[in-house]
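Before any comments, here is the structure.
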Amino acid sequence: MTAVRPEYDWAGYGFDTRQVHVGEYADRNHGVRVPPLALSAGYVFEDFDDCVERFQGRPARGSMDAPDLFPQEPPSAIYSRQGNPTNSVAEQRLASLEGGAEAVAVSSGQAAISSALFTLAQSGDHIVSTASIYGGTRILFGRSFKRFGIDVDYVWDANDDAEWEAMIRPNTKAIYTETIPNPRNDVTDLHRFASIAAKYNLPLVVDNTVGTPALIRPIEHGANIVVHSTTKFLTGHGTAVGGAIVDGGTFDWSAAESVGRSYPLLSKAPRAGARSILERFGPEHAYARAAREQVVNDIGPALSPFSGFLLQQGMETLSLRMERHVASSQRIAAWLETQPEVESVGYAGLPSSPLFDLAVRDYGLDASGTYANTGSVFSVTVRGGIEGARAFTNGLRVFSRMTGIGDTRSMIIHPGTSTHASFAPEINERLGITPGLLRLSVGIENVEDLIADLRSGLDQVAAL
């Protein structure tokens, strides 16, 4: 009996199946099961016409679009600054998990944010962001984006229609936010932001690093573009820096152009007689192709294929790890808010949080029906201000004192003297970054061991 052909079209399969299989292909040389690590800067063209086809973006011989070859093979590459077969597996997998049309892998989360927004905005343009975002992103906006002539303004009260209206200008090119802002776990209302973005014909760009597609998929909530620091939960083990942009393929670029919001990298032909990116690839893939061909290729934040290999490996266990991350965080956050040395806990999944109802709506309840599943990065404010924070941090043995989040290992850092140290005191006060606030990233260790370690740190606070 002839064996049935293995599955390679994973559309319609469950999340846990797709995180293992999407993007994989049959190796015709040795039958290698795991998509191999392609350590090559460049790729051989079969002939003159093959080179022409690849550079013009048409399906190349050997590509996954060619019907006469294995449909599961990765697209033919040109040069690894623009794309790599190993990274292609990770890109296809992440696009599937986020429910997007196409993904572009880059060298870091900051590169993902920069490349995503540089595809939309140029010197003289403007971006509106929610105020509560990762400190490094605020630094990026306030320093490099400003130097490149792109202004970023912040909406502090995202529920105030008048504030949004006052911020959005004719030259505004995007709205930017995070699903679960770092470090305070103050979840955002994506449905509301998507409605505002649609009203003004703007793409909504969402950083889903802390949320991950295992907990929330912003495109399903109306976002158009998703960015990740894949360094964090997606790779998952603190081994490789990387980033990614996911194009939802849902934004109507032509409608935006018709009301005066121009996106020239997509809509303008590079020269007379040539076609624009939008004409070549259509609205579903135009943004991702513009990001890859005209920003990532030009600026050069290429992801190392070794990092891409670690990323595809990490995504295989994403949902399993997130279950442990979240379950432990819920227990720890609930325990922390009962401790006398703790002033407050910033975790939207707690019933005591003013954001709990929103968290339940978008993230769902845990199996007990008690907590919402709002990730594993959150804040705790201890008694005694900065001295309390110092005593607490120095009293820990299991939690690592280090920057970073989304590792299998639990970590702690003091934002006021690290990620937010360069901001004016009044900005930090408005952001809720107080002297006693610490950021926790809960790993996958035994939760009882983590609670015991935190109790040791709080004992040091009590001794002050």
*Could you tell me whether Arg390 is among the basic types (Lys, Arg) and either part of a helix (DSSP H, G or I) or crowded, with 16+ Cβ neighbours inside 10 Å (or both)?*
yes
*Restricting the first residue to segment 173-197 and requiring it to be outside the structural domain of Trp253 (by TED's automatic domain parsing), which pairs with a second residue that is surrounded by 24 or more Cβ atoms within 10 Å (Cβ to Cβ) and in a loop (DSSP other than H, G, I, E, B) meet a Cβ separation below 7 Å and a spacing of at least six or different chains?*
none
*Does segment 234-284 hold any residues that are out of contact with any strand residue (DSSP E or B) (no Cβ under 8 Å at 6 or more places or on another chain) and among the β-branched types (Val, Ile, Thr), and which are they?*
Thr235, Thr239, Val241, Thr250, Val259, Ile277
*Under 6 Å by Cβ, and 6 or more places apart or on different chains, what pairs join a residue from segment 29-44 that is within 28 Å of Gly300 (Cβ to Cβ) with one that is at pLDDT below 85 and of a type outside the set (Val, Ile, Thr)?*
Tyr43/Ala77
*Which numbered condition trips up Arg138, out of (1) out of contact with any strand residue (DSSP E or B) (no Cβ under 7 Å at 6 or more places or on another chain); (2) basic (Lys, Arg); (3) within 26 Å of Leu266 (Cα to Cα)?*
(3)
*Report, by residue number, each residue of segment 367-387 that is crowded, with 17+ Cβ neighbours inside 10 Å and polar (S, T, N, Q).*
Asn373, Thr374, Ser376, Ser379, Thr381
*Of the conditions (1) over 18 Å from Ile127 (Cα atoms); (2) under 16 Å from the mean Cα position of the chain (by Cα), Arg184 fails just one. Which one is it?*
(2)
*Residues (within 28 Å of the chain's Cα centre (by Cα), buried (at least 23 other Cβ atoms within 10 Å of the Cβ) and hydrophobic (A, V, I, L, M, F, W, C)) located in segment 439-461*: Leu440, Val442, Leu450
*Taking segment 33-64, which residues are modelled with pLDDT under 75 and surrounded by fewer than 13 Cβ atoms within 10 Å (Cβ to Cβ)?*
Arg58
*If we scan segment 153-167, do we find a residue that is surrounded by 15 or more Cβ atoms within 10 Å (Cβ to Cβ), closer than 19 Å to Ser422 by Cβ and not hydroxyl-bearing (Ser, Thr, Tyr)?*
yes
*asked:* I'd like to check which helices (runs of 4 or more DSSP H) are fully inside segment 261-321 and have at least 3 residues that are on the phi > 0 side of the Ramachandran plot.
replied: none
*Would you tally the residues in segment 233-250 being assigned to a loop (DSSP other than H, G, I, E, B) and crowded, with 24+ Cβ neighbours inside 10 Å?*
6
*Name the strands (runs of 3 or more DSSP E) wholly within segment 75-172 that hold at least 1 residues that are of a type in the set (D, E, K, R)?*
102-106, 151-155
*asked:* Looking only at segment 419-444, how many residues end up being closer than 20 Å to Val398 by Cβ and without any contact (Cβ under 8 Å) to a residue 60 or more places away in the chain?
replied: 1
*Determine whether Thr188 is in contact with a helix residue (DSSP H, G or I) (Cβ under 7 Å, 6 or more places away or on another chain) and not basic (Lys, Arg).*
no
*Could you check, for segment 341-351, whether at least one of its residues is over 30 Å from Ala269 (Cβ atoms) and free of Cβ contacts under 8 Å to residues at least 12 places away in the same chain?*
no
_I want to confirm something. Restricting to segment 347-379 and keeping residues that are of a type in the set (Val, Ile, Thr) and not in a helix (DSSP H, G or I), which single residue is farthest from the chain's Cα centre (by Cα)?_
Thr370
_Name the single residue that is farthest from Trp335 (Cα to Cα) among those in segment 406-464 being of a type in the set (Val, Ile, Thr) and in a loop (DSSP other than H, G, I, E, B)._
Thr419
*Filter segment 19-31 for residues that are surrounded by 12 or more Cβ atoms within 10 Å (Cβ to Cβ) and part of a loop (DSSP other than H, G, I, E, B) and give the result.*
Val22, Gly23, Glu24, Tyr25, Ala26, Asp27
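The values are calculated or read from the model by the stated rules, or taken from the named source; none is laboratory data. Being a predicted model, the structure only gives us computed values, none of them experimental. So basically every Cβ, Gly included, is an ideal-geometry build from the backbone, and we count neighbours across all protein chains shown.
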